[in-house]
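The block underneath contains the structure these notes are about, expressed in structure tokens.
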Amino acid sequence: MRVLILTTASLSTNPRLVKELYILHLQHSVQVIVFGIGGWADAVDEQFLEVFQQKQVIRLSANRKPLLPWLFSTVVQQFAIMLSSLLSDSLLLQALSHNKRSTLLIFFLLLKRKEFRFDLIICHTLGALYPGYILARKTGAKLAFDMEDYHPGEAIPTKRADAERRRREYLLKKMLPHCAYVSFAADGYVELTKKYITANIPQPVVVYNSFPSNEFTTPQPAQDKKIRFIWFSQTIGRGRGLELFFQAVRQAGVDYEITLIGQLNDRTFEAMLRQENHLTLLPPMPQQPLHHLLSQYDVGLSLELSCVDMNKNYALSNKLFAYLQAGLFVLATDTPGQKQFLQRFPMHHLLCKQEVEDMCKAIQIIASALSQIREQCLTRYHAARCIAWEHEQRKLQEAWNKILA
């Protein structure tokens, strides 16, 4: 099978794409088009490129160098936004208004359309869906979409937030029915899509953001009475539940230390963190070393906030699966998505409300049960294999086999 994977993100910021690529490139002919976004992401991307053949990955620039493509896509987006309010039923205008990288992808694919012959085109971001849709129509390839987030429910930092939300709903409503299958990162995203977008979703399949079991090492809990917390993400900042945690843990009066891993890009938040005596800050790191590091901790923090946006309310983050697979105990906020999913793992977690007092009580409960939590780490480590990527990838392979049949 000949497969094209499209995204408007980088490899390092799209781990689901990378996991999918690992499966496909062993048995099929695969081409991937991603974007270089600069900074730490490009450095991590280079490590991925060492694993895959250079010819498999084409990297377009999302930066101002070279200037002409960036300027052209910016101008196109602004014109599209102005016209889309008048021509609201134009799929092209709505797609170009949504993401200026869509313009760059469309032009690149059209330039290469005579060379590109694929059986399946998998799109990994909403901005990549329309370019993939156009190429599929022109070449007869099957189209697939991976819905890692519920895009209409994401926080939209623009004055035209309502218009952009409607635009995302429109794009999904028009293009999802043309897909051979649609994969979702959380059960709640399927429910939201059917309720608010369209019930016409061909072969919906939930594929969790888990990881290969061999990326995790046997837990190595400490023997003292200090709770070792860990939290990681691509960026460290406000609106991630960390403000609540630091207030709660100070009130709890327990012996602890916490490690945060990610890119710190909020100066005010950084100033607050610098006052924490029990904090270790680490920069973003490649996936496998990060997963090895988790074995040294007791509790992983999954502090999603319902107030951020609808998407976060139903999200199941990468970190949640990494904590479970590493055998960590999880302190999680009671969003509907986390609450529903974690019912499968009662021994692995403690839910708390999204408020300081309840989180403080939860931390105190963890402190009082720390010995038991550490004793059960191996049991949790082995039990979580049921959600490992070896299991989840079979769902994708079944979808691909149906396309080949």
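The values are calculated or read from the model by the stated rules, or taken from the named source; none is laboratory data. None of the values given here were measured: they were computed from a predicted structure. Cβ: placed from backbone, ideal geometry, glycine included. Neighbour counts: every protein chain shown.
In this structure, Phe108 does not satisfy being within 24 Å of Ala161 (Cα to Cα), part of a helix (DSSP H, G or I) and out of contact with any Pro (no Cβ under 7 Å at 6 or more places or on another chain). In region 18-53, of all residues being under 28 Å from Leu264 (Cα atoms) and of a type in the set (D, E, K, R), the one that is modelled with the highest pLDDT corresponds to Lys19. Mind checking which residues of region 347-363 are surrounded by fewer than 14 Cβ atoms within 10 Å (Cβ to Cβ) and under 16 Å from Leu301 (Cα atoms)? Passing the criteria: Met347, Lys353, Glu355. Ile230 fulfils the conditions (1) closer than 30 Å to Ala367 by Cα; (2) of a type outside the set (Phe, Trp, Tyr); (3) touching a helix residue (DSSP H, G or I) at 6+ places or on another chain (Cβ under 6 Å) except for a single criterion, (3).
Every residue in region 147-164 that is of a type in the set (A, V, I, L, M) and either part of a helix (DSSP H, G or I) or surrounded by fewer than 17 Cβ atoms within 10 Å (Cβ to Cβ) (or both), please.
Ala155, Ala161, Ala163
Being within 21 Å of Leu92 (Cα to Cα) and among the small types (Gly, Ala, Ser) is a property that holds for Ala163. What are the residues in region 282-311 that are surrounded by 14 or more Cβ atoms within 10 Å (Cβ to Cβ) and within 18 Å of Leu244 (Cα to Cα), if any? Across region 282-311, the qualifying residues are Val299, Gly300, Leu301, Ser302, Leu303, Glu304, Leu305, Ser306, Val308, Asp309.
Quick check on my filter: what residues within region 370-383 are in contact with a His (Cβ under 8 Å, 6 or more places away or on another chain), under 11 Å from Pro219 (Cβ atoms) and not basic (Lys, Arg)?
Across region 370-383, there are no qualifying residues.
Report, by residue number, each residue of region 173-212 that is among the charged types (D, E, K, R) and in a loop (DSSP other than H, G, I, E, B). Passing the criteria: none in range. Filtering Ala252, Ala271 for residues that are over 28 Å from Ala41 (Cα atoms), of a type outside the set (S, T, N, Q) and more than 27 Å from the chain's Cα centre (by Cα) leaves a single hit, Ala252. If I filter region 127-146 for residues that are surrounded by fewer than 18 Cβ atoms within 10 Å (Cβ to Cβ) and outside any helix (DSSP H, G or I), do I get at least one hit? Within region 127-146 (the criterion being surrounded by fewer than 18 Cβ atoms within 10 Å (Cβ to Cβ) and outside any helix (DSSP H, G or I)), the answer is yes, since at least one residue qualifies.
In region 135-146, the residues that are without any contact (Cβ under 8 Å) to a residue 60 or more places away in the chain and farther than 12 Å from Val182 by Cβ form Cβ pairs under 9 Å with partners that are in a strand (DSSP E or B) and β-branched (Val, Ile, Thr), at six or more places apart or across chains, as follows: Ala136/Ile121; Thr139/Ile121.
Picking from residues in region 364-398 that are under 25 Å from the mean Cα position of the chain (by Cα) and crowded, with 19+ Cβ neighbours inside 10 Å, the one that is farthest from Ala141 (Cα to Cα) is Arg380.
So for region 165-186 (the condition being in contact with an Asp or Glu (Cβ under 6 Å, 6 or more places away or on another chain), outside the structural domain of Phe321 (by TED's automatic domain parsing) and either crowded, with 18+ Cβ neighbours inside 10 Å or in contact (Cβ under 8 Å) with a residue 24 or more places away in the chain (or both)), does at least one residue qualify? Yes, that holds for at least one residue.
When the residues of region 55-75 are filtered to those that are in a helix (DSSP H, G or I) and within 28 Å of the chain's Cα centre (by Cα), the one that is nearest to Val18 (Cα to Cα) is Gln56.
When the test is whether a residue is modelled with pLDDT of 95 or more, over 17 Å from Tyr323 (Cβ atoms) and either in contact with a helix residue (DSSP H, G or I) (Cβ under 7 Å, 6 or more places away or on another chain) or surrounded by 15 or more Cβ atoms within 10 Å (Cβ to Cβ) (or both), Thr198 does not pass it.
Taking Ile81 as the residue in question, decide whether it is under 18 Å from Leu171 (Cβ atoms) and touching a residue at least 60 places away in the same chain (Cβ under 8 Å). Criteria met by Ile81.
In region 303-310, is there at least one residue being β-branched (Val, Ile, Thr), more than 18 Å from Ala252 (Cβ to Cβ) and more than 22 Å from the chain's Cα centre (by Cα)? No, every residue in region 303-310 fails to be β-branched (Val, Ile, Thr), more than 18 Å from Ala252 (Cβ to Cβ) and more than 22 Å from the chain's Cα centre (by Cα).
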